[in-house]
Amino acid sequence: MNATIKLEKEKHYPVLLDEILSIITPHYSGTLIDCTFGLGGYSKKILKIPSSKVIAIDRDKEVRKFSENLEKKYKDKFKFYNIKFSQIDTLNLYNEEIKYIIFDLGYSYNQIKDPKKGLSFHSKGKLNMKMGFNSFSANDVIKNLEKEELEKIFRVFGEEKDSIRIANNIIKVRKKKDIDTEELVKIIENCKKKIYTKTHKATKIFQALRIFVNQEVSELIYGLINATKLLKPGGMLLVITFHSLEDKIVKFFFKNFSEQKSVSRYLPKDKEKKLLFKIYNKKSITPSIEEIHKNPPSRSAKLRCAIKKEDTNNFELEFLNKFQKLIDIENLGKKL
């Protein structure tokens, strides 16, 4: 899900690439896992480092073609796996010296413009939004979920203030006919006030559906958990987010497990909570004005990094409990 934009002569621009390279190259050693390979923007640059080794992951089977040349060119340095990054623990990499793990949570230009995926509100035809290894599509969601369930998805995952009105109208329209991408956009536009805005009126609903269809919340949470377990102390997690919900999850994960909570002064020192992380950057790293000018979609990107301090197994349950309500909303998809 590598966040890029198509430039002249079919070029693609990985978000915050210079910033990532400046973080990892001064002390580069060991193996890097690119959890969102996409078009290979990060992997290609990192493989040019003489001592580098890259393991790449992506759930989208369409990106396999972008990995083939790298596998031929760097036979002993590069390997690609077509799996979801939450399944990183299934690759049996615990004997590898994993130094860096990168997540870029955006979508590539190719994915956004692929008519088969239907991620964009400019798409035509049947609703889809499946990125790979999905149980249901956006069409299944719009066609089958109850009004209250749709409203909750739109309100929470899309932060859509008109979620009730839009859900109501979807129910009314679907009783008469099937709702495809163009019809859904029409419903949303009819529900929104006629106020000019640079953001398309359907943006938040399409974001919510994409998150729900691809289970992006639980995917991110379990991806972070399993990646952290894979890292040895001294290894680093780097995560680029593109909207407030996913940034909230990453920010909590790094901050909560890098701070010592208040404990009774009467407790012995060995009872204090082990710190999982050391925060690399207290504030998120954002694109430069120059990068935003070249690549407008990068304007919402935020890079957060944390270094693993020591192994501890007492973080997983607390992290899951914090965002259980979001996971419960995603679990509505089990009825589809």
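The numbers here are math on the coordinates, done by the rules we state, and not lab data. Only a predicted model underlies this, so the values are computations on that prediction, with no experimental measurement involved. Note that each Cβ is placed from the backbone with ideal geometry, even for glycine, and that neighbours are counted across all protein chains shown.
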Whole-Å distance, taken between Cα centres, linking segment 315-336 and segment 75-148 = 18 Å
Mean Cα-pair separation over length for the chain, i.e. relative contact order, pairs under 8 Å, 6 or more apart, % = 18 percent
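What is the sum of charges, Lys and Arg at +1 and Asp and Glu at -1, for the other residues whose Cβ falls under 10 Å from the Cβ of T286? Kindly include the intermediate steps, with their values, before the conclusion.
Details: positive: K283, R299, K302; negative: E19, E291.
Summing Lys/Arg as +1 and Asp/Glu as -1 gives +1.
Show that you can apply the helix-only estimate: for the chain, add -39,500 (n - 2.57) for every DSSP H stretch of four or more residues, divide by all residues, and state [θ] at 222 nm to the nearest 500. Numbers along the way, then the final one.
Working: 14 runs with 130 residues, N = 336.
Calculated from helices alone, the mean residue ellipticity at 222 nm is -11000 deg cm²/dmol.
Would you mind counting up the charge near F133? Only other residues with Cβ under 12 Å from its Cβ, with Lys and Arg at +1 and Asp and Glu at -1. Mind showing how you got there, number by number?
Values: positive: R59, K61, K84, K130; negative: D58, D60, E219.
Surrounding charge for F133 is +1.
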task = Report which label in (i) 18.7, 53; (ii) 20.8, 68; (iii) 20.1, 65 holds the value of Rg and Dmax of the Cα atoms in Å derived from the coordinates of this structure.
result = (ii)
request  = Output the pairs from K204/K334; K53/K274; K117/K251; K84/K117; K117/K334 with a Cα-Cα distance over 26 Å in this structure; if there are none, say none.
outcome  = K53/K274; K117/K251
Most mobile of T36, T197, T181 in a GNM of the chain (Cα contacts under 10 Å) = T197
Overall Cα dimensions of segment 45-88 - principal axes, largest extent first, Å = 28, 20, 16
Cβ-based net charge around K204, under 12 Å, with every Lys or Arg adding one and every Asp or Glu removing one = +2
task = Could you pull out every one of the lysines with an alpha carbon less than 16 Å from that of K177, ignoring same-chain neighbours closer than 8 positions?
result = K126, K143, K186
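Sort largest first and round to whole Å: the equivalent ellipsoid semi-axes of segment 135-213, each the square root of five times a Cα gyration tensor eigenvalue. Can you show the working numbers first?
Working: eigenvalues 65, 41, 27 Å².
After diagonalising the Cα gyration tensor, the semi-axes are 18, 14, 12 Å.
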task = With a cut-off of at most 15 other beta carbons within 10 Å, and DSSP calling the residue loop, which trypsin sites (Lys or Arg not before Pro) in segment 41-92 qualify? Please list them.
result = K48, K75
task = Note down the nm distance, to one decimal, between modelled labels 7 Å out along Cα→Cβ at N313 and at K229.
result = 1.0 nm
message = Under 10 Å, Cα contacts only: if you run a Gaussian network model on the chain, which one of S22, S120, S298 comes out with the highest mean-square fluctuation?
response = S22
